[in-house]
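The values are calculated or read from the model by the stated rules, or taken from the named source; none is laboratory data. Please read these numbers as outputs of a predicted model, since none were measured by experiment. Cβ coordinates were reconstructed from backbone atoms using ideal geometry, including for glycine residues, and neighbour counts include every protein chain displayed.
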């Protein structure tokens with residue numbers, strides 16, 4: 001590990017500790033439960049995504065025509081190497097911490113239109129798990145976000161693929177919504193012989209004052225961090241290569 005990598009890791013460790021310390025305030029001011037999973041009817045926009053599943057699936061199918069060119073998650077976000085180092089977890093980013101992947105969004109105009117109408121949407125991408133892929137147990141950055149999955153391409157029977165959050169197992173449904181708190185330890189797997197794709201989003205947790213102000217401040221700091229900036233640069237570099245391949 002280089003000196004720069006050691007410094008970055010130290011900053012990540014210190015930042016993570018500070019964020020987790022602030023989670024008590026986030027939890028106290030949350031306008032939604034602090035449970036591992038959430039009921040979809042807490043978020044009225046989820047129904048619009050479900051109603052437009054076929055449109056999203058059509059745009060995804062176009063993207064999957066060039067599946068081999070889609071980057072592995074760790075190629076965009078290097079800190080994901082702790083979770084995955086093979087080519088079985090691919091990501092097609094639309095938004096990352098508020099940064100828009102312009103070319104990717106242009107290829108998925110209807111999906112982009114739908115997600116841009118969602119209050120507090122900060123990150124959105126197609127998460128593609130290859131057959132046999134297992135994402136080991138881990139926890140998210142901090143409690144300021146709620147994670148959303150829309151089942152876009154789910155192998156059947158759907159019990160072959162699943163996610164466990166705080167010891168509770170759920171299975172994605174084609175065209176169905178799933179909300180959970182990723183600060184609980186969680187893991188996911190695809191035991192089928194097909195790829196599994198969800199539209200993966202992080203939205204801001206609805207918070208009362210002063211948690212909402214704190215959350216906005218933390219998000220601004222994270223967005224300027226080297227981890228996010230490096231991921232943004234990696235995404236932009238990949239988009240240029242991908243444009244040449246698909247031209």
Inset, instruction - Return the pairs, sorted by first residue and then second, in which the second residue is modelled with pLDDT under 85, the first residue lies in the stretch 224-242 and is loosely packed, with under 15 Cβ neighbours inside 10 Å, the beta carbons are less than 8 Å apart, and the residues are 6+ apart or on different chains. - result: 226/8; 226/11
Inset, instruction - Give the residue that is farthest from residue 199 (Cα to Cα), with candidates limited to residues of the stretch 66-78 that are more than 14 Å from the chain's Cα centre (by Cα) and in a helix (DSSP H, G or I). - result: 78
Legend entry - Set 115, 63, 56: member being more than 15 Å from the chain's Cα centre (by Cα), in a helix (DSSP H, G or I) and either modelled with pLDDT under 95 or more than 20 Å from residue 240 (Cβ to Cβ) (or both): 56
Legend entry - Which numbered condition residue 126 misses (of (1) outside any helix (DSSP H, G or I); (2) more than 25 Å from residue 81 (Cα to Cα)): (2)
Legend entry - Considering residues of the stretch 171-180 that are in contact (Cβ under 8 Å) with a residue 40 or more places away in the chain and surrounded by 17 or more Cβ atoms within 10 Å (Cβ to Cβ) only, the residue farthest from residue 152 (Cα to Cα): 180
Inset, instruction - Please state which of the following conditions residue 183 fails to meet, knowing it meets all the rest: (1) closer than 28 Å to residue 43 by Cα; (2) in contact (Cβ under 8 Å) with a residue 40 or more places away in the chain; (3) in contact with a helix residue (DSSP H, G or I) (Cβ under 9 Å, 6 or more places away or on another chain); (4) surrounded by fewer than 20 Cβ atoms within 10 Å (Cβ to Cβ). - result: (4)
Inset, instruction - Output the number of residues of the stretch 135-157 satisfying the condition of being closer than 30 Å to residue 209 by Cβ, assigned to a loop (DSSP other than H, G, I, E, B) and at pLDDT 95 or above. - result: 0
Legend entry - Lone qualifier among 85, 103 - being assigned to a loop (DSSP other than H, G, I, E, B), in contact with a helix residue (DSSP H, G or I) (Cβ under 7 Å, 6 or more places away or on another chain) and more than 25 Å from residue 21 (Cα to Cα): 85
Legend entry - Leading residue by the ranking (surrounded by the fewest Cβ atoms within 10 Å (Cβ to Cβ)) among those in the stretch 32-53 that are in contact with a helix residue (DSSP H, G or I) (Cβ under 7 Å, 6 or more places away or on another chain) and in a helix (DSSP H, G or I): 48
Legend entry - Hits in the stretch 137-150 (condition: buried (at least 19 other Cβ atoms within 10 Å of the Cβ) and in contact with a strand residue (DSSP E or B) (Cβ under 6 Å, 6 or more places away or on another chain)): 145, 146, 147, 148, 149, 150
